[in-house]
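Inspection log for the structure reproduced underneath, given as structure tokens.
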Amino acid sequence: MQAHTKRHPIDDFVTLQIRVHRANVRQVQRYVASLENDENGSYSVAEVFPEYIGKGQELALRAYRLREGLTQKQLAERTGISQHHISELETGKRAIGKERAKKLAEALHCDYRLLL
């Protein structure tokens with residue numbers, strides 16, 4: 001006869017600690033609440049942050065820059081692209097273009113096609 005072993009309770013919840021921009025706090029809170037209340041629990045980024053639809057290039061550029069721990073000024077120094085232009089690229093006011101994408105990708109250690 002097998003001995004009964006004590007089972008430890010399994011908690012179905014985990015604690016997440018995330019860092020988001022202050023302007024996005026309410027949206028993230030709504031998203032988390034919707035996950036808890038919905039059995040499906042599957043949402044796209046576009047459903048949660050619709051204002052980012054069609055802004056993949058700008059988000060990618062900023063994300064890769066932040067991943068590398070660079071400021072816009074530091075990225076400008078590495079690429080020869082002015083800080084002002086990098087700011088405009090990140091906000092979508094200026095198109096990245098293939099040649100700029102290659103310079104940026106080299107400095108950001110990523111494939112340039114991800115920036116196009």
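I'd like the FRET efficiency for K102 and R26, computed as 1/(1 + (r/R0)^6) with the beta carbon distance as r and R0 of 30 Å, rounded to 0.05.
Between K102 and R26 the formula returns 0.20.
Using a cut-off of 14 Å between beta-carbons, work out the net charge of the residues near Y64 (Lys and Arg +1, Asp and Glu -1, Y64 not included). Mind dumping the intermediate values first?
Details: positive: R62, R65, R67, R78, R100, K102, K103, R113; negative: E58, E68, E90, E106, D111.
Every neighbour counted, the sum reads +3.
Exposure proxy shown here: for T15, T79, T91, the number of other Cβ atoms within 10 Å sets the order, fewest to most, as T15, T91, T79.
Kirkwood's formula applied to the C-alpha pairs of region 54-115 gives a hydrodynamic radius of 11.1 angstrom. Taking other residues whose beta carbon is less than 14 angstrom from the beta carbon of R100, and scoring Lys, Arg as +1 and Asp, Glu as -1, yields +3. A Förster radius of 25 Å combined with the Cβ-Cβ distance from S34 to T91 puts the calculated FRET efficiency at roughly 0.30.
None of the figures in this text is laboratory data; all of them are computed from the coordinates on show. Because the structure is predicted, anything quoted here is derived from the model rather than measured. Glycine also receives a Cβ, built like all others from the backbone with ideal geometry; neighbour counts cover every protein chain displayed.
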